[in-house]
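The values are calculated or read from the model by the stated rules, or taken from the named source; none is laboratory data. Since the model is a prediction, treat every value here as computed from it, not as a measurement. Glycine also receives a Cβ, built like all others from the backbone with ideal geometry; neighbour counts cover every protein chain displayed.
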Amino acid sequence: MTTKSTATTKRTAFFISDGTGITSEALGVSLLTRFEDHHFEKVTLPYVDSLEKAEETAEIINSASKRDGAKAIIFDTIVDDAIRKVIKKTDALMIDIFAAFLGPLEKELGVRSSYKVGRTRITENSRYDERIEAINYALDNDDGARTKLYNKADVILIGVSRSGKTPTCLYLAMQYGIKAANYPITEEDIDDQVLPQILKPYREKLFGLTIEPDRLCLIRNERKPNSRYASIKQCNLEVEEAELMYRRERISSMNTTHYSVEEIATRIMVKAQIQRRC
């Protein structure tokens, strides 16, 4: 029998690794999003690569479990057995991500895996340079700061202020090596009721982001409380006009309100048929 959870349920989720923690965090977060009735405080602890660090980590985990009144959840990619034993003694549910997948693979392939610390580190064959180039491109072409290099973009995200353009561009660059620029749809653009002139030559690269006005209002109020910029009236106007522009100009778009940056980036790649570069 499954116990029904409530919206107030809260637990701490740890992503622990003897490396960067990227793998444990990426998969762990993806799994946790399936449990919408729970609130998870997410903590990433990278480079737990000694017994001393393991003991310190164990104290942090036990403190979180005691504070929450519920076992912490651990997603780990720790290789060293001695370190794992220390962590495993904590008052927590521990999920060994590598073991969950490597066991069946070893059985099918008939060989033992190369289960070593730092095995996923960047190598000369990882297209590291392409990823760094894409990140620099996203930073240089953020928020319409520069437009002369739009011909080099794989995609140009457009949308009203605070609709998720910048984090999505950076995620596309870091994870997939995609050169993503972004351009803000301003009140002036809305008044003109036409696609900004600078964007017209790159129509095929444009992808629109929109967001529910109520959510946009909350986000903007965190930045500029009680301002016209953050008012619900202004948010409604800008969102409505931006969406009208997307339809009029036949620009592919998506609503970002209920999606994480990871989901937004993936959906953009699918809808815009963009291939990852690394």
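Miscellaneous remarks
- Number of positions in the range 190-218 that are in contact (Cβ under 8 Å) with a residue 40 or more places away in the chain, surrounded by 16 or more Cβ atoms within 10 Å (Cβ to Cβ) and of a type outside the set (Lys, Arg): 11
- The lone exception for ASP49 - which of (1) in contact (Cβ under 8 Å) with a residue 24 or more places away in the chain; (2) in a helix (DSSP H, G or I); (3) among the acidic types (Asp, Glu) it fails: (2)
- Breaking point among (1) modelled with pLDDT of 90 or more; (2) closer than 30 Å to GLY177 by Cβ; (3) of a type in the set (Ser, Thr, Tyr); (4) part of a loop (DSSP other than H, G, I, E, B), for TYR137: (4)
- Members of the range 44-59 found to be under 27 Å from the mean Cα position of the chain (by Cα) and surrounded by fewer than 17 Cβ atoms within 10 Å (Cβ to Cβ), listed by number: PRO46, TYR47
- Total residues in the range 76-97 satisfying the condition of being surrounded by fewer than 19 Cβ atoms within 10 Å (Cβ to Cβ) and of a type in the set (A, V, I, L, M): the figure is 4.
- Unmet criterion (only one of (1) assigned to a helix (DSSP H, G or I); (2) over 14 Å from the mean Cα position of the chain (by Cα)) for GLU36: (1)
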